[in-house]
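To start, the structure under review is shown below, and the notes come after it.
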Amino acid sequence: MTMDYEFYLIYLKIKPILFSLVFLTAVGVFAYRIYFRFLLMKSVGNADQSKFNLDQLMDRIFILFSDVLGQKNVRRKVAAGVAHMGIFLGFLAVAPHTTEMFLKGLIPTLSLDRIVPTFYNWYLFVANIFAVLVLIGVVYGLYRRLIVKPKYLTNTPSAILILLTIAVIIVTYFTINSSHYSGNVFAFEISYWIHVLAVLGFLAYLPGSKHLHIITAAPNVFLKPLKKEKGINKTNLENSEATTFGLSKVSELNWKNVLDLYSCTQCGRCEEQCPAANTSKPLSPKQLINDLKDDLFLQADAILERKNKKRSDVSNITREGQPITDEVLWSCTTCRACENICPVNINHLDVITEARKNLVLMEARFPEEVQSTFQNLENQSNPWGFGQDTRADWCKDLNLRTSSENPESEYLFFAGCFGAFEERGIKIAHTTAKLLKRANVDFAILGVEETCCGDPARRAGNEYLAQMQMNQLVATLKQYKFKKIITVCPHCLNSIKNEYPDFDGHFEIIHHSQFLLELVKSGKLVIDTNANKIDNQDSSVTFHDSCYLTRWNSVIDEPRELLKSIPGINLIEMPRKKDLGFCCGAGGARMFMEDKVGTRINHQRAIEALDTKAKTVVSGCPFCYTMLSDAMKEKGLNMAVKDIVEILEPRSI
């Protein structure tokens, strides 16, 4: 007994030395690995890709509380989100106790329960509750990874190891406290060292694991773009010092792109929502981000040497033998489902669109069928090559005035290429114009002066052609004094609203569903309540959300309000709806490319619409209208496809 006590006294004397060695080693490894990643983030850079201004500081602080502490984005997936939140909050609750254990490593006789007993006991009571939540979260995490095994969730030994380490930390938290209060010194010290080694081991391991997001997610969320609406970054094509355009190498990423790479949790939510991944295309947004991160580390020496002006070449991200291929980049529909669902606000599309620019502008590498689209856009300013002199033929029976005839009209109706040339788009534009006339709206059209907004060329990576078209249309629009633009096309809406300001084009633009709803609410457009006029075929409808209307421009409720204002209409929602809706497959210039791999995206969406048992699927986008119509015909499905104005027009007076 005496020897045990003497041994314990000796141990207490050397304990601070042992703890200091372990602590400094772990912290040193952690600091080195973090510094290396910070240095790498500083060493990349293409200032022309994107710029960042730290604005709206109070809003960003609020986001830290709502999105980081409150886990708002994580909880969008309820079960997994709640489990993650339990682990996160539990760790925060146990952290002061772990800090106390570290102090005990330096001062073994330290005992906070004797210094502040009342406060300490209340703290332990609360911490115990949260520690139990951590264990529940860990059990659920292991259940998902080992039993459920969802396809989109990366199930690596590292992920299992981290969960088990977390469990060890929490279990030893309990055994430390129980042995302390029972007076079992041996059990206390064993639990103590297991706890400390687990925490410090986790700390040293963290920078090289997917749990790096514990450090980087908070700043990444804090620095996220606060405005959801956005466009593709403008490339300075007149930069005489530029040797390349777009993104070809990881060294051309900017620091915020790299912070995105570091912040990926590999939760797979982006992959779960991605239309390409859901239809067996080669693109997985999660895998793309992690492949870029792997390439960044693989070429780290070359990047750092290049930054230090030593001769070293950085290889292209699409080089032979690497997982990021041209097909991966061209599979994207730019629907933004990945960015919308990401709990740490990674901007996947900033990388994809820049990489496409480089393939087109620097390598002339793009899907073969896009060549004719580029030629048609350049020669006739529409994707199909119809003569520009026929641009106003869609409305020749309506006797509409042009802006040149009425330069101060209150509104400009912008039909877009679909509305002017494509058969189904013409029907949408024609019906909308009829409704505007019926409501006595003072509007004009550009007629033959109207040209492509630049969306197809820009999403297909042809920045040069897109900027040429955008500058041309900006110059045309500036000639007239309209108050607002009305358009039937969400792609035109997005380009003019979010991208034209970069070209000194500042115009207010609204989707036709929003404007028609205003007319109905104000009484300028009256809906006939005579039930006999309701077409039974349209009485039950489901609404398909356009990606460029919802996720790009937050227009979600207005089309539904407009539908619900029509007597007799029964709106049946699809399971995937609103900002979690599923893409039609046309965005990102995919409308003009062949869909050769896996299931056709529009086919999958058409089946989802059919499963609602509604008679008609309603859209607010000519791209979606076309894709869904084609899918119904190709699959032989008995379901009508209509634009929202085709539901409204027969019922309006």
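The values are calculated or read from the model by the stated rules, or taken from the named source; none is laboratory data. Worth saying up front: this structure is predicted, and the values here are computed from it rather than measured. So basically every Cβ, Gly included, is an ideal-geometry build from the backbone, and we count neighbours across all protein chains shown. Please note that ligands, DNA and RNA were not included when accessible areas were found on the heavy atoms of the full protein model with its side chains. Shrake-Rupley method; radii C 1.70, N 1.55, O 1.52, S 1.80 Å.
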Q. Which helices (runs of 4 or more DSSP H) does the stretch 346-451 wholly contain that include 3 or more residues that are farther than 30 Å from A242 by Cβ and in contact with a Phe, Trp or Tyr (Cβ under 6 Å, 6 or more places away or on another chain)?
A. 423-438
Q: Give the stretch 198-235 a look and list any residue that's open to solvent by 50 Å² or more (accessible area, probe 1.4 Å), over 14 Å from L261 (Cα atoms) and free of Cβ contacts under 8 Å to residues at least 60 places away in the same chain, or say none.
A: Y205, K227
(Q) Among (1) closer than 23 Å to K234 by Cα; (2) of a type in the set (K, R); (3) open to solvent by 30 Å² or more (accessible area, probe 1.4 Å); (4) in contact with a helix residue (DSSP H, G or I) (Cβ under 7 Å, 6 or more places away or on another chain), there is one condition K434 misses while meeting the rest; what is its number? (A) (1)
Q. Is one or more of the residues making up the stretch 327-335 open to solvent by 30 Å² or more (accessible area, probe 1.4 Å), among the acidic types (D, E), within 14 Å of I352 (Cα to Cα) and out of contact with any Pro (no Cβ under 7 Å at 6 or more places or on another chain)?
A. no
Q. Regarding E558, is this residue surrounded by fewer than 22 Cβ atoms within 10 Å (Cβ to Cβ) and not in a loop (DSSP other than H, G, I, E, B)?
A. yes
Q.
Against the conditions (1) part of a helix (DSSP H, G or I); (2) more than 30 Å from E508 (Cα to Cα); (3) open to solvent by less than 50 Å² (accessible area, probe 1.4 Å), where does E634 fall short? Just the number, please.
A. (3)
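Kindly evaluate C624 against the criterion of being out of contact with any strand residue (DSSP E or B) (no Cβ under 9 Å at 6 or more places or on another chain) and crowded, with 22+ Cβ neighbours inside 10 Å.
Details: out of contact with any strand residue (DSSP E or B) (no Cβ under 9 Å at 6 or more places or on another chain): no; crowded, with 22+ Cβ neighbours inside 10 Å: yes.
No: the conditions fail for C624.
Tell me, yes or no, whether the stretch 522-529 has at least one residue that is charged (D, E, K, R) and surrounded by fewer than 22 Cβ atoms within 10 Å (Cβ to Cβ).
Yes, that holds for at least one residue.
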**Q.** Filtered residue count, the stretch 373-385, keeping only those that are in contact with a Cys (Cβ under 9 Å, 6 or more places away or on another chain) and not polar (S, T, N, Q)
**A.** 3
Q. Can you name every residue in the stretch 442-466 that is within 17 Å of T235 (Cβ to Cβ) and surrounded by fewer than 20 Cβ atoms within 10 Å (Cβ to Cβ)?
A. Y464
Q.
Quick test of your reading of the structure: E272 fulfils all but one of (1) farther than 29 Å from P490 by Cα; (2) outside any loop (DSSP other than H, G, I, E, B). Name the failing condition by number.
A. (1)
Q.
Can you report the number of residues in the stretch 40-60 which are modelled with pLDDT of 90 or more, in contact with a helix residue (DSSP H, G or I) (Cβ under 8 Å, 6 or more places away or on another chain) and over 20 Å from I214 (Cβ atoms)?
A. 3
Q. Considering only the stretch 163-197, how many residues are β-branched (V, I, T) and either closer than 27 Å to Y5 by Cβ or open to solvent by 40 Å² or more (accessible area, probe 1.4 Å) (or both)?
A. 9
Q) Taking the stated definitions as given, is E272 in contact (Cβ under 8 Å) with a residue 24 or more places away in the chain and within 20 Å of the chain's Cα centre (by Cα)? A) yes
Q) Looking at this structure, is I428 within 30 Å of L69 (Cβ to Cβ) and surrounded by 22 or more Cβ atoms within 10 Å (Cβ to Cβ)? A) no
**Q.** Complete set of residues in the stretch 251-269 that are open to solvent by 20 Å² or more (accessible area, probe 1.4 Å) and not in a helix (DSSP H, G or I)
**A.** T265, Q266, C267
